[in-house]
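Participant: Input: one structure, supplied below.
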């Protein structure tokens, strides 16, 4: 295992010696981090969470209790994974092959979920691979995501649909004075919407 001296791993956690754990990270009770997983700096993996083999996490990520992050998921910097979230990795899941024999690791090819910088996945949401959750987007608790989520989108439901926009603070945006403009009530930041795509305005 590659890690610095300021990493905290509690005794009940199961962390592969082949995992890479960034400086300042914490792995809590009963969590499992599999071989070749790569966690950035200052990450938190909560109680009972699972990080699959080869999963890549950026810096400052939080994976809350009992979340399941299956390989080959890729999380950008500052991603929040809520309690009991599931990131799937099998498009056509089966325990057995058509001849009735148990499927092995060689009988299927894992596909991953990509979550970009700053995005948040609410408690018990499921992201069905392969999907990409855009930067700073928010997936509401209990949602089932089956298609890509645009940057800054707020999605909810089964299947998940966009119900609004959120800013980088996570607070839903309100309409600005001009057509196609949005404002964050928390930070005052301004955003522009063009053809269903939102972008933050620069000063």
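Nothing in this text is a laboratory measurement; each read-out follows from the coordinates by a stated rule. What you are looking at is a predicted structure, and each value in this text was computed from that prediction instead of being measured. Because the Cβ atoms are built from the backbone with ideal geometry, glycine has one as well, and the counts that use them run over all protein chains shown.
Participant: Given the structure, is residue 58 crowded, with 20+ Cβ neighbours inside 10 Å and under 14 Å from residue 25 (Cα atoms)?
Facilitator: On the way: crowded, with 20+ Cβ neighbours inside 10 Å: yes; under 14 Å from residue 25 (Cα atoms): yes.
For residue 58, the condition - crowded, with 20+ Cβ neighbours inside 10 Å and under 14 Å from residue 25 (Cα atoms) - is met.
Participant: Which fully enclosed strands (runs of 3 or more DSSP E) of region 107-203 have 1 or more residues being without any contact (Cβ under 8 Å) to a residue 24 or more places away in the chain, over 14 Å from the mean Cα position of the chain (by Cα) and within 23 Å of residue 75 (Cα to Cα)? Walk me through it before giving the result.
Facilitator: Numbers: elements: 153-156, 161-165, 181-183, 190-194, 197-200.
Result: 153-156, 161-165.
Participant: Looking only at region 89-123, which residues are surrounded by 13 or more Cβ atoms within 10 Å (Cβ to Cβ), in contact with a strand residue (DSSP E or B) (Cβ under 8 Å, 6 or more places away or on another chain) and more than 20 Å from residue 71 (Cβ to Cβ)?
Facilitator: Taking region 89-123 as the starting set, the residues that turn out to be surrounded by 13 or more Cβ atoms within 10 Å (Cβ to Cβ) are 89-90, 103, 108, 110-123.
Subset that is in contact with a strand residue (DSSP E or B) (Cβ under 8 Å, 6 or more places away or on another chain): 103, 112-116, 119-122.
Correct list: 120, 122.
Participant: Let me ask something else about it. Kindly list, by first and then second residue, each pair from a residue in region 9-30 that is on the phi > 0 side of the Ramachandran plot and touching a residue at least 12 places away in the same chain (Cβ under 8 Å) to a residue that is part of a loop (DSSP other than H, G, I, E, B) and loosely packed, with under 14 Cβ neighbours inside 10 Å, limited to pairs with Cβ atoms under 6 Å and residues at least 6 apart or on different chains.
Facilitator: 24/6; 30/12
Participant: Scan region 182-196 residue by residue and report those that are more than 17 Å from residue 118 (Cα to Cα) and loosely packed, with under 14 Cβ neighbours inside 10 Å.
Facilitator: Residues satisfying the conditions are 185, 188, 194, 195, 196.
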